[in-house]
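Student: Just dropping this structure here.
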Amino acid sequence: EWLARGVSPAGLRHALAAGLPQPVKCAAALLRHRLVEKMPPERVTAEPTTCAECERPFRSASGEHRCRSCREPVVAATELPPPDRIGWRERVRQAATA
């Protein structure tokens with residue numbers, strides 16, 4: 001059941017063997033208790049949702065109706081002003097030509 005819920009064999013081994021009491025009085029009872037009490041929740045397979053704006057399929061984690069690209073505003077590319085001082089490459093070029 002653990003493996004069916006998506007736990008790897010290493011994860012199962014860690015969940016059952018981590019933090020064992022010293023000494024272990026009844027290994028079978030301890031194993032039974034940990035298998036039941038530490039059982040991971042069932043896997044929920046999320047069905048893809050279709051975006052309300054662009055109709056692209058996406059996986060909604062919090063009940064959104066729009067995909068990430070439609071939720072986030074598009075930042076327009078702005079032209080940067082020229083630098084106040086020249087860079088070192090330009091200074092080397094100027095020194096070489098002088």
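Student: Take peptides 89-97, 18-26 and line them up by average Cβ neighbours within 10 Å, highest first, as a rough protection proxy. Mind showing how you got there, number by number?
Tutor: Numbers: 89-97: 9.2, 18-26: 7.7.
Per-residue mean Cβ counts within 10 Å order the peptides as 89-97, 18-26.
Student: Taking the Cβ of PRO21 as the centre, find all other residues whose Cβ is under 15 Å away and add up their charges (Lys, Arg: +1; Asp, Glu: -1).
Tutor: It works out to a net charge of +3.
Student: In nm, what is the difference between 0.36 nm times the number of residues separating GLU53 and LYS38 and their Cα-Cα distance?
Tutor: Stretched out fully, the GLU53 to LYS38 stretch lengthens by 1.2 nm.
Student: Taking only C-alpha pairs under 8 Å that are 6+ residues apart, what is the relative contact order of the chain in percent?
Tutor: Across the chain, relative contact order equals 16 percent.
Student: Hey, rough spin-label estimate for ILE86 and ARG66, points 7 angstrom out along Cα→Cβ, what's it come to in nanometres?
Tutor: Placing both labels 7 Å beyond Cα along the Cβ direction yields 4.8 nm.
Student: Quick one: net charge of THR50's neighbours, Cβ under 15 Å, K/R +1, D/E -1?
Tutor: On the way: positive: ARG56, ARG59, ARG66, ARG68, ARG71; negative: GLU47, GLU53, GLU55, GLU64.
Net local charge, THR50 excluded: +1.
Student: Counting Lys +1, Arg +1, Asp -1, Glu -1, what net charge surrounds ARG5 among other residues with beta carbon under 12 Å of its beta carbon?
Tutor: The answer is 0.
Student: Among [x] 142; [y] 188; [z] 302, which one is volume of the Cα convex hull per residue in Å³ computed from these coordinates?
Tutor: Matching entry in [x] 142; [y] 188; [z] 302: [z].
Student: May I ask you to evaluate 6.51 cos²θ - 1.76 cosθ + 1.60, the Karplus curve with θ = phi - 60°, for each residue of segment 28-43 and list the ³J(HN,Hα) values in order in whole Hz, giving x for glycine and proline?
Tutor: These are the phi-based 3J(HN,Hα) values: 5, 5, 5, 4, 4, 4, 5, 4, 7, 6, 9, 4, x, x, 5, 5 Hz.
Student: In Å², and per residue, what accessible area does the chain have when probed at 1.4 Å with the other protein chains present?
Tutor: About 90 Å² of surface per residue is accessible.
The values are calculated or read from the model by the stated rules, or taken from the named source; none is laboratory data. Bear in mind the structure is a predicted one, so any value in this text is a computation, not a measurement. Ideal geometry is used to build each Cβ from the backbone, glycine not excepted, and the neighbour counts take in all protein chains shown. In case anyone asks, the SASA skips ligands and DNA or RNA and just uses the protein heavy atoms, side chains included. Shrake-Rupley method; radii C 1.70, N 1.55, O 1.52, S 1.80 Å.
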